[in-house]
Structure formats: C-alpha cells, structure tokens
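So the structure is just underneath, and the comments pick up after that.
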Amino acid sequence: MSLERRTHDEGERKDPSSSSSSDSYEFTHAASKSAVAQICETVGYNHSKDPPLESLTGFAIQYILQLGKSATSFANLNGRSQCNVFDIVLALEDLSCNNNVDEERVSLDSCSALRSVKLREIINFVKLSDEEEEEGAFIQTLPRFPVSDNKVKGKMVVPSFVEIGETPPGKHIPLWLPAFPDPHTYKETPMWVERGLDPRGDKIEQARQRRKAERALLSLQRKLVCRISSGGDRVWGDMDGGVKGEIREDESEVTEEERNGDGLSVVEAFAPVLEAARDGGFSEVDAEWKEKKPVALSKLRTVKKFLGEPLDLTLQMKGEDRAMSLREEDRDDKRRRAEFILRQCMENPVDLNQL
Amino acid sequence: MNQGQQSGEAKHEDDAALTEFLASLMDYTPTIPDDLVEHYLAKSGFQCPDVRLIRLVAVATQKFVADVASDALQHCKARPAPVVKDKKQQKDKRLVLTMEDLSKALREYGVNVKHPEYFADSPSTGMDPATRDE
C-alpha cells in the first residue's frame, strides 16, 4: 500500500527542499496546517495538540503529492502530458484501500469514471457538505504564491520567441523556447557614434579659453601702458628673445601629443593676444603668461607657422639693437624662469591636461 | 447488442452525472484553497489548466482528512470518561485531537504512527541497574 511508506517521510521531506523551495515550504506548510485544523473543527474537534496536527498536515500534503504523481504517471502512460478527470479517478482508486475489489472497481465495459467507488464517495461527501451549508471555505486569504523573483531578486526572465515576436533562426527551434540574446551582446556591431554632448563640451572649452585669453590680454594692456610710458622698442625685443629661448627649453620636456592635440584651439584662442603682442611689446607679461599656461607657449612653434613672419622680423631687429651683456643677462633670467615653469609643469600634470 | 446499447446509455448518463458533478464543484469551495493544492500538484508534476480538476483533488484530500479525523473522534468518544467530580461537567466537553487517537485511526489506513512518550538521554536510561552493566 502506498500509504504505508509515509511514516518517516515527513521529516525527510523538509531537507531536500532547500534552495528556492525552502522559502515556500514554511509558508505552504503553515497554510496547510491551518486548513487541516479547520477541517478538524468541521468534524467536531474543539482543540487539538500540536504533534497530531502536524502529522495530519503531513499526511494531507503527502496525499496531494501522491495523487498528483499517480495521475501524472497515468496520463504519461496514455501518451498525454496533461491530466484529465479519468487520471485522477484512477489515482484515487490507486491510493484507496478498497476491500470489495471484484464488484465495484472500475469495470472495463463501461469505462466510466462513475463506476469508481471513491468518486461516488466524494460526490456524496460534496453533497453532504453542501447541504449542511457550513462555512467550509478557507478562512484566511492566501496571497498569490510563489512570489515571482523578478522584482524581488532582480532575476531576468528570458522571454520566448513568441513573446518577442521573433522567428527563431532555424526550423528546428520551437517558438516557445527562450529567445537568443541580441547579437550586440556577443558580436562587435557598428556603433552609432553619439555626439550629443560634445558640442556642449566644445563650447564650454572654447568659452574657457576665450576667457583666459581675455584675461591675458587685459594684463598685457596694463603692462603696455606701463612699459610704453617708460621704455620703447626694448620691450618688444626682450619679449621675443625670451619667448624663443624658453620655447626651445620647454619643448624638449613637453610631450608632442599635447602640442599637436590642442594646437588649433590654442591658436584660435590666442590669436588676438598674439596680434596685440605683435603690435605692442611686453617683457614681464610672458612670465605671467607662462605661469598660467606653460604648455601653450610650447605650442607657439605651431603658432609661428601661422603667424610666422612678423616674429622673425622682430627677432632680427632685436639682434641689431641689443648689447651682448644685456642679452646674456636676459638669457639667464629667462632660463631661471623657464626652469621654474618646468618645475610647475612637473608638479601639476593635471593643469596640462586641462588645456 | 442490447448490452452494448445499455452500456452506451449508461455511459451517457454517467458522463452527464460526471459533468454535473464537476459543475457543482465550482459552487462548493473546498476548505483547502486552490492555490495551495495547485502548488503541491505542480511540485509532483501534475499539469492541468482546468480549475475543476484541482478542486476535485482538494475535495478528495478534504474527504481523506475528514475521514481520519472522524475516526479519531470516534476513538476519543469511545474512551471511558474521566472521573466526574462535578455533576454539571459532561463527558465530552473537551474534544482534543491527541496522538493516541490519531495513531489508532491511521492504523486502519495502513499507516504506523508511533509517538514517543518521552525523550531519553541514552538508550539505557530507566533500565534496572543490574541489566545496565550488561
């Protein structure tokens, strides 16, 4: 008898239900326990002790499980995957202990389910319960379980081909299977280069450079006013020599990439400044300049290509005017300033990148 | 031929009764909720979209539990009443489901349930000191 096997199964059933089903085990067990207690109350019991109630709950659960298992196997024997009422009736007969086997079992002639004793008993039971009109329904409301893990744990449920609306690649793949992942997840497909944010970034960069240029220009104007009142051509000559000397010293240290990368934008930014420098003259301004933008000066080599001629001419002019001693002094001065700027460059590589 | 016709008619009647019964199942709500039964049936591989079949299983289980409980109740009522001190006190005022009654009831179904009366520390607890040495 299949019922005889169940004495120790109750305890063992709890262990295999680890992982996902252990979460629902306690809940379903508690729910079935309260349902069984309600049935006992309907029968006539006022109270019950816990161990017999637990045992009875276990038996009820095992009854359902065995019914399902037998019904499924009967359906599978007949080549079906879904069960019908005859499978359940056969399973009921299988689980019951009928003493009058010969007379009242399912006969082969009629093949009717109602020949089954068990089913008739159940029908009578339902009629009785209906007639009594007691509150037989489950008192508490059960939430819909098992709770889907989609929202709780964030598991991705892969939709099937049918749900997506795709045709599977190949006739051998049925539609109800999960769909294949999108090709961009495992292959390199051409990308749409999104440049949405770049114009804004470019504008910001341009505005910043313009502001710096304006600041330099203002200070230049200030110096011009001072210098023009005191000196004259001397200012212009000093500036050029200093600039050229320091360019040579700086360029050896500064990388090529920075020069080439921002060359064009720097040219645009400093065009007004350089034009002003061409027109006027400044000596100490270049030191300030360099403190703010040491790398920019290194790019003046490219700038020279564009503005070229005027700077060279002034250089020639300078060579004629100055005395040797003065030039050497200026060179030392410029060299010291260049070294200072180089040290600053090394200390603050971030500033370089910002440009 | 006659037998065949009769059996055919009986079959139709039976089928009609069966469909009527299944329809009546929808009116009657079993004590065990549908969701719970569906969960356990799914666990055992039972696949059916029809609610009536699930209700049939629920009703069958309810009948099984009710049968066992009523048998236990019979055993409980059949037990000799305790000494009645107060004349107002009745015999069956407290109907409690105990393990004794349940095991007696289940024995008829072929299930052996034995509840230990107490739990001991070791197998030799409570034995005579003479036999314990052995």
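Figures for the structure shown
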{"read-out": "Selection count, the range A:78-92, where residues are facing chain B (nearest Cβ under 7 Å) and in a helix (DSSP H, G or I)", "value": "3"}
{"read-out": "Residues that are within 7 Å of another protein chain (Cβ to nearest Cβ) and touching a residue at least 12 places away in the same chain (Cβ under 8 Å), drawn from the range A:43-58", "value": "A:Leu53, A:Ser55, A:Leu56"}
{"read-out": "Residue list for the range B:45-60, restricted to those being within 7 Å of chain A (Cβ to nearest Cβ) and either basic (Lys, Arg) or farther than 13 Å from A:Ile123 by Cα (or both)", "value": "B:Gly45, B:Phe46, B:Gln47, B:Cys48, B:Leu53"}
{"read-out": "The range B:97-116 residues that are more than 8 Å from chain A (Cβ to nearest Cβ), paired with ones that are surrounded by fewer than 17 Cβ atoms within 10 Å (Cβ to Cβ) and not hydrophobic (A, V, I, L, M, F, W, C) (beta carbon under 6 Å, 6 or more apart)", "value": "B:Lys104/B:His75"}
{"read-out": "Options A:Ile139, A:Ile173, A:Ile164; residue that is modelled with pLDDT of 65 or more and touching a helix residue (DSSP H, G or I) at 6+ places or on another chain (Cβ under 8 Å)", "value": "A:Ile173"}
{"read-out": "Subset of the range A:212-225 (residues that are surrounded by 13 or more Cβ atoms within 10 Å (Cβ to Cβ) and either more than 54 Å from the chain's Cα centre (by Cα) or modelled with pLDDT under 50 (or both))", "value": "A:Lys223, A:Leu224"}
{"read-out": "Within the range A:64-77, considering residues that are of a type outside the set (S, T, N, Q) and surrounded by fewer than 22 Cβ atoms within 10 Å (Cβ to Cβ), the one farthest from the other protein chains (Cβ to nearest Cβ)", "value": "A:Leu77"}
{"read-out": "Scan of the range A:25-41 for residues that are facing chain B (nearest Cβ under 7 Å) and of a type in the set (S, T, N, Q), ordered by number", "value": "A:Thr28, A:Ser32, A:Gln38"}
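The values are calculated or read from the model by the stated rules, or taken from the named source; none is laboratory data. Fair warning: this is a prediction, and the values are worked out from it, not measured in the lab. Here the Cβ is made from the backbone with ideal geometry for all residues, glycine too, and neighbour counts use every protein chain on show.
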